[in-house]
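Structure record follows, encoded as structure tokens.
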Amino acid sequence: MKALQMIGFDADDTLWHSEGYFDAAHAEFEAVLGRYVDLSQAAVQDRLLATERVNIRLFGYGAKGMALSMVETAIAMTDARISAADIHRIVELAKSILSHPVELLPGVREAVSAVAGDRPVVLITKGDLFHQERKIEESGLGDLFHRIEIVTEKDERNYARLLREFGVEPARFAMVGNSIKSDVIPVLALGGYAVHVPYRLTSALERAEVDAAHPRFAAIAALAELPTALARFEHAPPP
């Protein structure tokens with residue numbers, strides 16, 4: 001029996017592109033606000049991020065929560081002078097994200113299939129339920145996963161609950177993803193393994209740091225390197 005009995009995969013920016021669409025929406029939001037405020041002085045993105053941090057507990061992650069936070073920020077920063085047409089433009093930004101095509105990252109199906117060949121793999125993602133379900137369906141990857149879980153937050157509590165449901169001890173589980181905050185830190189804290197696959201963009205809401213020398217952590221440049229990272233874990237049981 002393999003030391004690692006189950007492998008978890010993140011979805012957005014691990015299996016397919018996502019953050020680029022949000023990044024483009026943020027840039028367009030700033031352009032909209034530029035009609036009302038001096039962008040060199042306004043710190044639009046900082047104000048939006050502060051609003052999003054407060055609202056996550058109400059709206060969760062994803063394009064819909066982002067749009068509501070954008071509207072709130074825009075009204076506050078323009079002293080309610082923003083036009084209905086520009087508010088509509090902000091809503092359209094969210095709709096464009098929700099309807100964007102699913103574009104897999106290179107080698108994803110091959111990498112997941114290789115791991116799924118000798119042990120169960122699960123998909124653990126967060127965000128808007130409808131949006132995540134649509135992306136999973138359009139990705140064509142759903143058939144590879146033993147379970148698919150869409151959660152409100154990827155923290156120790158939710159990982160612990162899922163592992164209990166899966167019947168897998170944390171020390172026999174490895175999580176693979178692009179977010180140090182969501183895919184690495186909570187899993188390491190539970191005693192599991194984590195493989196970080198960086199994406200070219202990282203949401204400000206997901207930025208965090210981890211000790212690169214941690215014995216249950218590995219960083220790889222692409223999913224093609226995943227089997228090697230998992231093999232190293234197999235030969236180095238928890239201290």
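Please treat every number below as a calculation from the coordinates, not as lab data. Predicted model, so just to flag it, every value in this text is computed and none were measured. Heads up, the Cβs are rebuilt from the backbone with ideal geometry, glycines too, and the neighbour counts pull from every protein chain shown.
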Item checked: For a label point 7 Å along the Cα-to-beta-carbon line of GLU153, residues of the range 47-84 with backbone N under 14 Å -> 53-61
Next item on the list: Only helical DSSP H runs with n ≥ 4 go in: add -39500 (n - 2.57) per run for the chain, normalise by residue count and round the 222 nm mean residue ellipticity to 500 deg cm²/dmol.
Entry: -14000 deg cm²/dmol
Check: Out of these labelled values of P(r) over Cα pairs in 10 Å bins from 0, in percent, [x] 7, 27, 28, 20, 12, 5, 1, 0; [y] 7, 31, 32, 18, 9, 2, 0; [z] 7, 31, 38, 19, 5, 0, which was calculated from the coordinates shown here?
Finding: [y]
Checklist line | For the range 28-100 versus the range 168-239, the gap between their alpha-carbon centres in whole angstrom | finding: 33 Å
Check: In a GNM of the chain with a 10 Å cut-off on Cα contacts, which of ILE75, ILE150, ILE90 has the highest mean-square fluctuation?
Finding: ILE75
Next item on the list: Describe numerically, in nm with one decimal, the distance between label points set 7 Å from Cα along Cα→Cβ at GLN5 and at GLU225.
Entry: 3.0 nm
Check: Based on the Cβ-Cβ distance of ASP46 and ALA84, what FRET efficiency does E = 1/(1 + (r/R0)^6) give at R0 = 30 Å, to the nearest 0.05?
Finding: 0.70
Item checked: Shape metrics for the range 19-98, restricted to C-alpha atoms - Rg then Dmax, Å -> 11.5, 31
Check: Which cross-chain or sequence-distant (5 or more) residues have an amide H under 5 Å from the amide H of GLU149, H modelled 1.01 Å from N in plane?
Finding: LEU123, ILE124, THR125
Notebook entry, point to check: Cβ under 12 Å from LEU93's Cβ, LEU93 left aside: what net charge do those residues give with Lys, Arg +1 and Asp, Glu -1?
Noted result: -2
Item checked: Cβ-derived FRET efficiency at R0 35 Å, GLU103 paired with ALA213, nearest 0.05 -> 0.55
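Out of the range 172-239, which trypsin sites (Lys or Arg not before Pro) are coil in DSSP terms and have no more than 11 other C-beta atoms within 10 Å?
Details: sites: ARG172, LYS181, ARG200, ARG207, ARG216, ARG232; in loops: ARG200, ARG207, ARG216.
Hits after loop and neighbour filter: ARG200, ARG207.
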Checklist line | the range 148-223, relative contact order [Cα under 8 Å, separation at least 6], % | finding: 27 percent
Notebook entry, point to check: For the chain, what proportion of DSSP beta bridges, expressed in % and rounded to the nearest 5, is antiparallel?
Noted result: 5 percent
Notebook entry, point to check: Which net charge results for the neighbourhood of GLY20, defined as the other residues with beta-carbon distances under 10 angstrom from its beta-carbon, given Lys and Arg at +1 and Asp and Glu at -1?
Noted result: -3
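Can you pick out the pairs among LYS95/LYS135; LYS2/LYS135; LYS2/LYS154; LYS95/LYS126; LYS64/LYS135 whose Cα atoms lie more than 21 Å from each other?
On the way: LYS95/LYS135 14 Å; LYS2/LYS135 31 Å; LYS2/LYS154 25 Å; LYS95/LYS126 18 Å; LYS64/LYS135 15 Å.
Pairs exceeding 21 Å: LYS2/LYS135; LYS2/LYS154.
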Checklist line | Net charge contributed by nearby residues that have their C-beta within less than 9 Å of LYS154 (K/R +1, D/E -1) | finding: -2
Margin query: Given an 8 Å cut-off on Cα distances and at least 6 residues of separation, report the relative contact order of the chain as a percent.
Written below: 25 percent
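Taking the Cα centre of the range 137-196 as origin, work out the dipole magnitude from +1 charges on Lys and Arg Cβ and -1 charges on Asp and Glu Cβ, in debye rounded to 20.
280 debye
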Notebook entry, point to check: Given the options THR228, THR152, THR73, which has the most mean-square fluctuation in a GNM of the chain, springs set between C-alpha atoms less than 10 angstrom apart?
Noted result: THR228
Next item on the list: With a cut-off of at most 15 other beta carbons within 10 Å, and DSSP calling the residue loop, which GluC sites (Glu not before Pro) in the range 182-239 qualify? Please list them.
Entry: GLU209
Check: Under 5 Å between amide H atoms, partner at least 5 residues away or on a different chain: which partners does ILE82 have, H built in plane at 1.01 Å?
Finding: none
